[in-house]
Amino acid sequence: MATITFQGKPINTIGDLPAVGTQAPDFQLTNRKMQDVGLAEFAGKRKVLNIVPSLDTPTCATSTRKFNEKAAHLDNTVVLVVSADLPFAQVRFCEVEGIKHVVPLSTFRSKFAHDYGVELLDSILAGLTARAIVIIDENDKVIYTQLVSEIADEPDYVSALAALH
């Protein structure tokens, strides 16, 4: 279990992020076509998991926009934006924002939040995900993680992207 904060108040996650150097847990997340996808869909590519509570919040929207901008210039890399939002809402958000370089994926019928240790256990956010970055290499090994200590803060984009080089 990890403790982060929401507006300065402590909240707990169900576990810890996968450790750097370990095999990434497979997952089943739902894409915009309501199909479940896992690591195999992105085989041979580096995967940046931008894990957010909901695209309907300012910080989540900002991080998605920033990763969308950076993703356009990353070779052999896919940015997956993982949230509890329904795929319909994710698609609407991406269309309205002009976001074309990230893949939105929903946790709504998945164990992802539990398996990746980011499920929030308490507070009004219980059941959503903590804000985190997990970067997985071409061989599905975890090469970088960040659990953002204050859920309202943005992740460390510079360190995350540096892990890809």
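Per-structure values
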{"item": "Rounded to the nearest 10 Å², the accessible area of Thr22 at probe 1.4 Å", "result": "60 Å²"}
{"item": "Average Cα contact separation per residue, the chain, under 8 Å, 6 or more apart, as relative contact order %", "result": "33 percent"}
{"item": "Extension gain, Ala43 back to Leu164 (0.36 nm per residue minus Cα-Cα distance, nm)", "result": "41.9 nm"}
{"item": "Charge dipole (the range 1-153, unit charges on Cβ, about Cα centre) - positive-most of Ala130, Leu49, Gln7", "result": "Leu49"}
{"item": "Rounded to whole Hz, the Karplus (6.51, -1.76, 1.60) HN-Hα couplings of the range 108-119, x for glycine and proline", "result": "4, 10, 9, 9, 3, 4, 5, 5, 9, x, 10, 5"}
{"item": "Three-way shape call for the range 1-64 based on the alpha-carbon gyration tensor, with the a/c threshold at 1.5", "result": "oblate"}
{"item": "Of Val102, Val52, Val82, the one that fluctuates the most in a GNM where the chain has Cα springs shorter than 10 Å", "result": "Val102"}
{"item": "Shape of the chain, Cα gyration tensor, a/c cut at 1.5", "result": "rounded"}
{"item": "Heavy-atom surface of the chain, accessible at 1.4 Å and reported per residue (Å²)", "result": "47 Å²"}
{"item": "Gain in span if fully extended, Gln35 to His114, counting 0.36 nm per residue against the direct Cα distance", "result": "26.4 nm"}
{"item": "Dipole in debye (nearest 20) - the range 52-97, about Cα centre, beta carbon charges: Lys, Arg +1; Asp, Glu -1", "result": "80 debye"}
{"item": "Close Lys-Lys pairs in the chain, where close means Cα under 29 Å and separation is 8 or more or interchain", "result": "28"}
{"item": "Considering only the chain, percent of DSSP beta bridges that pair antiparallel, nearest 5", "result": "60 percent"}
{"item": "Exposure rank, largest accessible area first [Leu121, Leu105; 1.4 Å]", "result": "Leu121, Leu105"}
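The values are calculated or read from the model by the stated rules, or taken from the named source; none is laboratory data. All figures in this text were calculated on a predicted structure; none of them were measured in a lab. Don't worry about glycine lacking a Cβ; one is built from the backbone with ideal geometry, like all the others, and counts go over all protein chains shown. Remember, those area values only see protein heavy atoms, side chains included, never the ligands or the DNA or RNA. Shrake-Rupley method; radii C 1.70, N 1.55, O 1.52, S 1.80 Å.
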